[in-house]
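The values are calculated or read from the model by the stated rules, or taken from the named source; none is laboratory data. Being a predicted model, the structure only gives us computed values, none of them experimental. Positions of Cβ are backbone-derived with ideal geometry, glycine not excepted, and every protein chain shown enters the neighbour counts. Quick note on the areas: whole protein, heavy atoms, side chains included, nothing else; ligands and nucleic acids left out. Shrake-Rupley method; radii C 1.70, N 1.55, O 1.52, S 1.80 Å.
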Amino acid sequence: MSRSRPGPRAAAVLLAALLAFTLAPAARADDAPTPAQARHVVAIGGAVTEILFALGLGDRVIAVDTSSTYPPEALASRPNVGYIRALSPEGVLSVGPDLIIAQEDAGPPDAVAVLKGAAIPFETIPLARDPADVSANIRAVATLMGVPARGEELAGAVERDFAALAAMRAKITSPRSATFVLSASGAAPVVGGSGTSADAMFHLAGVENAMAGVHGYKPAVDEAVLGADPYLIILMKDRGHGLTDAAVAQMPAFAGTQAIAAGRLHRMDGGYLLNFGPRTPEAARDLAALVYPELDLPAMPSHPWTRGSDTP
């Protein structure tokens, strides 16, 4: 009687699990460190890394993923375990962590399952999309790392910044619209529709999303999208995928819009704009300043960490 062999995907998962078991340090109930005692942390997700460094815990971070672009030294001086949604279990475990903290969108699922099954604590924080989420994640990471007082201090500073941002939004009497362009797919731009981090950031900045007619990050080909007339277009300056201003201006979705006619195409750092970490109030303020330059918006008042690099 013949036995069926596992398919390529199943074989890959089994191999990853075997490597995880081989690479993971032996864990014994009497000496395994708790997360609060961890000194060799792998941070997966830009917001996770920002929070850890903002809490003064950068010396406990031994590796990060490619989305961890702030502070710059995080990725420049530590091993890179790969892209947050394309992780390799053996790559993560090979750096010898005693704690892994990841955003909930880490993947692929098979890799995350292997990491959760290894003899190392694997903690997850939710994706943030509003001020309450950002504060909650700061406090959660601080408590996990055994520094709740620092978490309260940082969360309080960020909450003050969000309050200042709300006061700025109150000055906006005639909201303007904008479009966030992630990349290009053929002749169509991939834009941030409803339910995206870009859409959430627009809301914080008091800006209407001209591409609310689509959900998620999608190519702008729908008739409702083609009829939009954004006041301003935002692109990522760090990951433009070769998308030039001239190329955007020639796309059917934007040709003839007021944004193109007035030359209102601006670029912001993708991590700064979309990570939803401690710098988010300042990033929203900077976005609002681009869309409403006449308001002469002040900088955020609180924690030094919240200062961004894109302030107009």
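So for the stretch 108-154, what percent of the C-alpha to C-alpha distances run longer than 15 Å? Counting pairs separated by more than 15 Å, the tail of P(r) holds 55 percent. The order of the peptides 286-297, 267-278, 204-215, 168-179 by mean Cβ neighbours within 10 Å, most packed first, is 267-278, 204-215, 286-297, 168-179.
Backbone phi angles across the stretch 101-108, fed through the Karplus curve with coefficients 6.51, -1.76 and 1.60 (θ = phi - 60°), yield HN-Hα couplings of 10, 9, 6, 5, 8, 5, x, x Hz in residue order; Gly and Pro are listed as x.
Taking amide H atoms as placed 1.01 Å from N in the peptide plane, the amide H of Lys218 lies under 5 Å from those of Val191, Gly193, each 5 or more residues away in sequence or on another chain. Dipole check for the stretch 74-119: with +1 at the C-beta of Lys and Arg, -1 at the C-beta of Asp and Glu, and the Cα centre as origin, the magnitude is about 100 Debye. Peptides 138-146, 258-266 ranked from most to least packed give 138-146, 258-266, packing being the mean of other C-beta atoms within 10 angstrom over each peptide's residues. Over the stretch 99-233, accessible surface divided per residue gives 40 Å², non-protein components excluded, 1.4 Å probe. Shown in residue order for the stretch 166-177 are the 3J(HN,Hα) couplings computed by the Karplus curve 6.51 cos²θ - 1.76 cosθ + 1.60 at θ = phi - 60°: 4, 5, 5, 4, 5, 7, 7, 9, 10, x, 10, 9 Hz (x for Gly and Pro).
Each Cα pair under 8 Å and six or more residues apart adds its separation to the average, and for the stretch 90-224 the resulting relative contact order is 16 percent.
The residue list Val221, Thr257, Pro278 was ranked by how far each Cα lies along the charge dipole of the stretch 178-287 toward its positive end, using unit charges on Cβ atoms, and Pro278 comes out on top.
With a 1.4 Å probe and every protein chain kept in, tell me what percent of the accessible surface of the stretch 227-298 is carbon plus sulfur. About 51 percent, which is the carbon plus sulfur part of the accessible surface. Taking 7 Å steps out from each Cα toward its Cβ at Gln250 and Glu294 produces label points 3.4 nm apart. Which residues among the stretch 33-62 fall inside the zone where the amide N is under 18 Å from a point 7 Å beyond the Cα of Glu152, along Cα→Cβ? Counting backbone N atoms under 18 Å from the label point, the list is 55-56. Under a model in which nothing but the beta-carbon of Lys, Arg (+1) and Asp, Glu (-1) is charged, the stretch 156-227 shows a dipole of about 200 debye around its Cα centre. Here the label points at Ala261 and Ala132, each 7 Å from Cα along the C-beta direction, are separated by 4.1 nm in the simple model.
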